[in-house]
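Structure record follows, encoded as structure tokens.
The values are calculated or read from the model by the stated rules, or taken from the named source; none is laboratory data. Here the structure is a predicted model, which is why all the values come from computation and not from measurement. Cβ: placed from backbone, ideal geometry, glycine included. Neighbour counts: every protein chain shown. Each accessible area value is taken on the protein alone, full model and side chains, heavy atoms only, with ligands, DNA and RNA left out. Shrake-Rupley method; radii C 1.70, N 1.55, O 1.52, S 1.80 Å.
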Amino acid sequence: MAKLEKHIRGDFDALLQRIESGIIDGSVSASLEGASDFYSGGARCSVRVFERYSAIGSNRVSLSVTLFQNQNEDSEIHLSAITSGGSQAILFKINTLGEGAFLEKLEKLLDEY
């Protein structure tokens, strides 16, 4: 598992679109496996789950991205991204390079934020 948490100022919709298109267009095997968007009391949350093939580990890895923004549109966007998969061991994780590479792709997309 690799994890990234970040606070971002910017447009929620533009950031979400940048993440979706950047991940999908960044790998021939990447796909959007699931999405969820909800609003409550003025707060907004979007969850995206991506998956791609990792040649490094000869398996598939997933990347879950959650964006959360409180009532005010000018407030910070909280981003949490967690990878999973990429291990070939039964009792403990080895060869997690594919997970780290997937998360690095997201980090590069966020460089301007």
Over the chain, with every protein chain in place, what whole percent of the accessible area is carbon and sulfur at 1.4 Å, could you tell me? 51
Whole number in Å², please: accessible area per residue of the chain, 1.4 Å probe, ligands, DNA and RNA not counted. 57
Just add up the charged neighbours of Ala35: K/R +1, D/E -1, any other residue whose Cβ is under 12 Å from the Cβ of Ala35. -2
Using a 7 Å offset from the Cα along the Cα-to-Cβ direction at both Phe12 and Glu76, what is the distance between the two label points in nm, to one decimal? 1.7
On C-alpha positions alone, give me the angle between the axis of helix 12-25 and the longest principal axis of the chain, in degrees, nearest 10. 20
Calculate how steeply helix 97-109 sits against the longest principal axis of the alpha-carbon atoms of the chain, using the helix alpha-carbon long axis, and give the answer as 0 to 90 degrees to the nearest 10. 30
So how far apart, in nm, are the two label points at Cys45 and Leu97 if each is 7 Å from Cα heading toward Cβ? 3.6
Could you sort 29-39, 8-18, 97-107 so that the peptide with the highest average Cβ count within 10 Å comes first and the rest follow in order? 97-107, 8-18, 29-39
First select every other residue whose beta carbon is under 9 angstrom from the beta carbon of Ser54; then total the charges, Lys and Arg +1, Asp and Glu -1. +1
Straight-line reach check, Lys3, cutoff 17 Å on alpha carbons, 8 or more apart in-chain or any other chain, hits among aspartates and glutamates -> Glu51, Glu99, Glu104, Glu107, Asp111
